[in-house]
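The values are calculated or read from the model by the stated rules, or taken from the named source; none is laboratory data. Since the model is a prediction, treat every value here as computed from it, not as a measurement. Positions of Cβ are backbone-derived with ideal geometry, glycine not excepted, and every protein chain shown enters the neighbour counts. Just the protein is used for accessible areas: all its heavy atoms, side chains included, with ligands, DNA and RNA removed. Shrake-Rupley method; radii C 1.70, N 1.55, O 1.52, S 1.80 Å.
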Amino acid sequence: MKILEACYEINFSKINFIERKQKIEKSKTIISGPPKTGKSYLIYDYLSNYKTKDYLYIDFFDLRNNIEEIFVDLQKFIKMNEITILVLENFEFQFEIPICETIIISSSYPQKIRGFENIILNALDFEEYLLHDNKHQNITQSFNSFLKFGNLPELINIEEHKKIQRLQEIIKLSSLDETYYIVLKSLIENIDEKKSLFQIFNSLKLKIKISKDKFYEICKKLENNKIIYFIPKYNQEKSLKKIFTYNHSFFNAISHSKKFKNEFSNMIFLELQNRYDEIYYLDNIDFYIKSKNMAVIAIPFFNSFLTANLMKKIVKISHEFNINEINIISISNSEKINDSKIKINVIPFYEWALS
């Protein structure tokens with residue numbers, strides 16, 4: 001029982017933690033989500049409210065922890081020490097969950113188990129980012145950093161010259177092997193693009209040896225783990241899907257090319273997916289929220305004269321789909337556009353994200 005005794009000595013009472021919008025509230029909870037979004041710190045914060053003797057924390061990514069030995073002794077150890085809270089961190093359900101009053105599990109993917117609540121933890125939204133960011137003096141500086149380096153909590157306090165390197169490490173950390181990494185990289189290269197997986201596969205097989213089944217299997221895992229999102233066109237399931245990733249700055253970390261509009265659109269998507277369950281796109285409309293009859297469009301540098309023709313197309317399609325509100329998200333522009341039937345606003349990202 002030496003492993004369990006060592007785990008039992010871990011103390012989280014002095015962890016420095018900034019609150020997130022999501023919290024552990026149920027005694028039986030499974031937390032999942034992409035790498036480095038803060039799952040562990042959510043657990044540490046929860047445990048900091050209890051006495052050390054009350055909980056047993058086991059991290060299955062800790063190389064010192066032998067799964068077989070833990071499995072054999074775990075239930076006996078819980079009973080012997082009257083443990084009321086069991087935490088299984090980075091647990092992939094290798095054995096049956098033991099009996100304990102409170103059980104908190106973190107895993108790379110959601111798992112439906114009767115009696116357990118599922119929390120899917122995404123990276124920081126912009127409002128949370130501002131709470132974590134104590135380096136910058138104003139919202140403009142924070143926004144510039146958020147746009148350039150993304151939404152992962154740990155990146156905020158890393159020295160700027162090391163941020164890109166850390167982002168690259170996280171991308172590799174998300175990959176099970178070299179093939180997995182190449183597939184993930186190819187999807188990140190196509191953020192905010194309308195692409196079929198078959199197109200990407202055909203392009204990829206010219207570079208590496210990979211079967212179609214393997215490629216689709218990896219894409220499905222990436223989608224299940226909320227690392228990659230595939231957004232459909234409304235009412236056209238067979239149409240090309242738009243591709244997004246859980247951190248908009250990943251593209252900046254893998255390429256010297258500039259796709260500012262694509263990264264900006266990905267950033268807007270991430271704010272939307274924290275608010276709405278169903279997000280689609282339409283012709284000339286980046287994001288269509290059917291439940292709100294609302295369109296959200298990314299135009300970083302909005303100019304009413306230069307975008308006049310585009311606006312005509314946007315308004316036309318909005319009338320066809322009975323959209324009554326159009327929010328055009330920009331970097332810093334703000335204005336209202338007159339239309340007899342539709343409310344049209346041009347809003348700076350930081351204002352819209354905090355509304």
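The table that follows gives values for the structure above.
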item	result
Fraction of accessible area attributable to carbon and sulfur, segment 80-160 (%, probe 1.4 Å)	47 percent
Difference of contour (0.36 nm per residue) and Cα-Cα distance, ASN66 to GLN165	32.5 nm
Amide H partners (placed H, <5 Å) of LYS343, local residues excluded	GLU325, ILE326
Nearest-ten-degree value, helix 178-188 long axis tilted from longest Cα axis of the chain	30 degrees
For the chain, alpha-carbon Rg over 2.2 N^0.38 Å	1.11
Anchor LYS209: aspartates and glutamates whose Cα lies under 18 Å away (excluding residues fewer than 8 positions away in-chain)	ASP177, GLU178, GLU217
Point-charge dipole on Cβ atoms (K/R +1, D/E -1) for the chain, about Cα centre, debye to 20	1220 debye
Within the chain, longest stretch clear of exposed chymotrypsin sites (Phe, Trp or Tyr not before Pro) (DSSP loop, no more than 10 other Cβ within 10 Å)	62-304
Accessible area expressed per residue, the chain, with surrounding protein chains retained (probe 1.4 Å, Å²)	52 Å²
From phi via Karplus (6.51, -1.76, 1.60), per-residue ³J(HN,Hα) for segment 246-263 in Hz, x at Gly/Pro	6, 9, 5, 8, 4, 4, 4, 7, 10, 8, 7, 5, 10, 10, 4, 4, 5, 5
Relative contact order (%) - criterion: Cα under 8 Å, at least six apart; region: the chain	13 percent
Two-site label geometry, GLN111 and LYS51: point separation in nm, points 7 Å out along Cα→Cβ	3.0 nm
Options ASN303, ASN338, PHE287, ranked by Cα towards positive dipole end of segment 276-354, top entry (Cβ charges)	ASN338
Cα-Cα over 19 Å, subset of LYS212/LYS261; LYS162/LYS207; LYS221/LYS292; LYS185/LYS241; LYS241/LYS341; LYS290/LYS316	LYS212/LYS261; LYS162/LYS207; LYS221/LYS292; LYS241/LYS341
Shape call, segment 276-354: gyration tensor on alpha carbons, a/c limit 1.5	oblate
Prolate/oblate/rounded label for segment 239-308 (Cα gyration tensor, a/c 1.5)	oblate
Whole-angstrom Cα spans of segment 115-233 along principal axes, big to small	50, 44, 30
Protein accessible area in segment 276-354, 1.4 Å probe - carbon and sulfur %	47 percent
Rounded to whole Hz, the Karplus (6.51, -1.76, 1.60) HN-Hα couplings of segment 142-147, x for glycine and proline	4, 4, 4, 5, 4, 5
